[in-house]
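One structure below.
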Amino acid sequence: MNVDAQLKALGQRVADDLLEKLGDARAVVVATEDGFELAYAVRDGIEASRIAAMTSSIAAICEGVTREAGMGSTRSFVVDASEGFLVMRGVQNGQVRLVLSALTRQGTLLGMVMNAVGESARALAA
C-alpha cells in the first residue's frame, strides 16, 4: 500500500502521543490493513512489524465475523491476556484503512486504554 509522508508523520505523532499518554503501555503500532507498519512507538524491544502483521490479520477476522453476524463494522477489539491488554481499533483516513493497536501491561485500567485509543483513532482519522 502506498501512503504519503503526511499520513506517516501523522501516524508517528499519534503513536508517540498515545505511548506517552498510556504510561504503562509497551507499544503502540499504526498499521495498514494489509499488515505493514506505518508508524510505531515501543518500549521493551517489541517488534513493530510483527505486531502490525498480526493485528491487521486479527482486524480482518473480526470484520468478517461481525459482518457475518449482522453486527455492522468492527470498531475495536480487545485481547485480555495474563500480562496485559491488546486494544485494536480500525481507522479510516481518506482512502486508507488503518489499524491502531496499543499493548499494555497487566494492571492497566482497560477503560482508560479504550478511551485513549478512541481519542487517538479520531486524531488519526482527521
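Looking across segment 103-112, the residues that are of a type outside the set (S, T, N, Q) and more than 11 Å from the chain's Cα centre (by Cα) come down to 105, 107, 109, 110, 111, 112.
Consider segment 26-35 and keep the residues that are of a type outside the set (D, E, K, R) and in a strand (DSSP E or B). The one that is nearest to residue 124 (Cα to Cα) is 30.
Look through 83, 37 and report the one residue that is among the charged types (D, E, K, R), modelled with pLDDT under 95 and crowded, with 18+ Cβ neighbours inside 10 Å.
Only one candidate passes the filter, namely 37.
Looking across segment 36-87, just one residue is among the hydrophobic types (A, V, I, L, M, F, W, C), part of a loop (DSSP other than H, G, I, E, B), within 24 Å of residue 119 (Cβ to Cβ) and more than 16 Å from the chain's Cα centre (by Cα), and that is 71.
You will find that of 5, 31, the residue that is touching a helix residue (DSSP H, G or I) at 6+ places or on another chain (Cβ under 8 Å) and not basic (Lys, Arg) is 31 and no other. Summed over segment 92-125, the residues that are assigned to a strand (DSSP E or B) and surrounded by fewer than 23 Cβ atoms within 10 Å (Cβ to Cβ) give a count of 4.
Taking the criterion of being touching an Asp or Glu at 6+ places or on another chain (Cβ under 7 Å) and among the aromatic types (Phe, Trp, Tyr), no residue of segment 61-84 qualifies. Based on what the data block shows, is residue 68 over 17 Å from residue 125 (Cβ atoms) and without any contact (Cβ under 8 Å) to a residue 12 or more places away in the chain? Yes; evaluated as a whole, the condition is true for this residue. Cβ separations smaller than 6 Å between residues 6+ apart or across chains give the following pairs from segment 4-25 residues that are closer than 13 Å to residue 102 by Cα and in a helix (DSSP H, G or I) to residues that are among the hydroxyl-bearing types (Ser, Thr, Tyr) and at pLDDT 95 or above: 14/120; 15/40; 18/120. Scanning segment 71-90 for residues that are touching a residue at least 24 places away in the same chain (Cβ under 8 Å) and within 15 Å of residue 108 (Cα to Cα) yields 78, 80, 82, 84, 85, 86, 87.
The values are calculated or read from the model by the stated rules, or taken from the named source; none is laboratory data. Please read these numbers as outputs of a predicted model, since none were measured by experiment. Here Cβ is always computed from backbone atoms with ideal geometry, including for glycine, and neighbour counts include all displayed protein chains.
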